[in-house]
Amino acid sequence: QKEVEQDPGPLSVPEGAIVSLNCTYSNSAFQYFMWYRQYSRKGPELLMYTYSSGNKEDGRFTAQVDKSSKYISLFIRDSQPSDSATYLCANGGRDDKIIFGKGTRLHILP
Amino acid sequence: DGGITQSPKYLFRKEGQNVTLSCEQNLNHDAMYWYRQDPGQGLRLIYYSQIVNDFQKGDIAEGYSVSREKKESFPLTVTSAQKNPTAFYLCASRYGPQDRGRVGNQPQHFGDGTRLSIL
């Protein structure tokens, strides 16, 4: 089984700081990348979805994909306490398989 | 509002009992999925269905069963054969290969889960 690896954390940063969350993946045939945010006792919520190398920006969130090094990042600018959650990265292919990382727990300190 | 509804939010199972978790979506998605989430384990795929009246086993299908009689509904039954059923169960859906005009793979969207515990 091809893997998606994430540091489980917890990662604690002060409010207003830039957060950097990272993943590595192993299956280069899987060309689609997603970031989900999951609050405690809730389902994952799709934050970002991209299929190309480079950056994709949406508000305070930027997803970055480097296919040459199989590295995925999510940057959160002006972090807020409401950003405290577990962040899952995922990698999918043309079939119906999506491989999820185990998640990184993020704490934003007021 | 369109979305995925899972019920109940909490469920308790007695020894030897089968229980059924409900998943309903009004997003007009063809494909639906069931995952199990355990602490430190990430999401593991139980079953998935790309179209009505068809479904496939995922990575951990033993002790579970599903049906897909309607596009909107994909119930999961946790049978007595599943010896360690305590977990957070998540249902997801997405536009599938049957949806015309959709280019490439589409991301999955999730419900808010059902937490199953043993009595």
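General remarks:
- A:I98 being touching an Asp or Glu at 6+ places or on another chain (Cβ under 8 Å) and not small (G, A, S): no
- Among the residues of this structure, B:L45 does not count as one that is surrounded by 15 or more Cβ atoms within 10 Å (Cβ to Cβ), within 21 Å of A:I98 (Cβ to Cβ) and more than 12 Å from chain A (Cβ to nearest Cβ).
- Pick from region B:26-42, criterion outside any strand (DSSP E or B) and on the phi < 0 side of the Ramachandran plot, ranking: nearest to the other protein chains (Cβ to nearest Cβ): B:Q41
- Taking region A:66-107 as the range and being open to solvent by 10 Å² or more (accessible area, probe 1.4 Å), more than 14 Å from every other protein chain (Cβ to nearest Cβ) and outside any loop (DSSP other than H, G, I, E, B) as the test, the residues that pass are A:D66, A:Y71, A:F75, A:P81, A:S82, A:H107.
- Of the residues contained in region B:60-79, one or more are found to be surrounded by 13 or more Cβ atoms within 10 Å (Cβ to Cβ) and within 13 Å of chain A (Cβ to nearest Cβ).
- Any hit, region B:96-113, residues being within 12 Å of the chain's Cα centre (by Cα), within 21 Å of A:G92 (Cβ to Cβ), outside any loop (DSSP other than H, G, I, E, B) and at pLDDT 95 or above: yes
- Count - residues of region A:14-40 that are of a type in the set (A, V, I, L, M, F, W, C), at pLDDT 95 or above and open to solvent by 20 Å² or more (accessible area, probe 1.4 Å): 2
- Failed condition for A:L11, given (1) within 13 Å of chain B (Cβ to nearest Cβ); (2) surrounded by fewer than 19 Cβ atoms within 10 Å (Cβ to Cβ); (3) of a type in the set (A, V, I, L, M): (1)
- Evaluation of B:T86 against (1) touching a strand residue (DSSP E or B) at 6+ places or on another chain (Cβ under 9 Å); (2) more than 19 Å from B:Q6 (Cβ to Cβ); (3) more than 14 Å from every other protein chain (Cβ to nearest Cβ) (one fails), failing number: (2)
- Exclusive hit being open to solvent by less than 10 Å² (accessible area, probe 1.4 Å), aliphatic (A, V, I, L, M) and at pLDDT below 95, set B:A92, B:A31: B:A31
The values are calculated or read from the model by the stated rules, or taken from the named source; none is laboratory data. Just so you know, these numbers come straight off a predicted model, no measurement behind them. So basically every Cβ, Gly included, is an ideal-geometry build from the backbone, and we count neighbours across all protein chains shown. Only protein heavy atoms, including side chains, enter the accessible area calculation; ligands, DNA and RNA are left aside. Shrake-Rupley method; radii C 1.70, N 1.55, O 1.52, S 1.80 Å.
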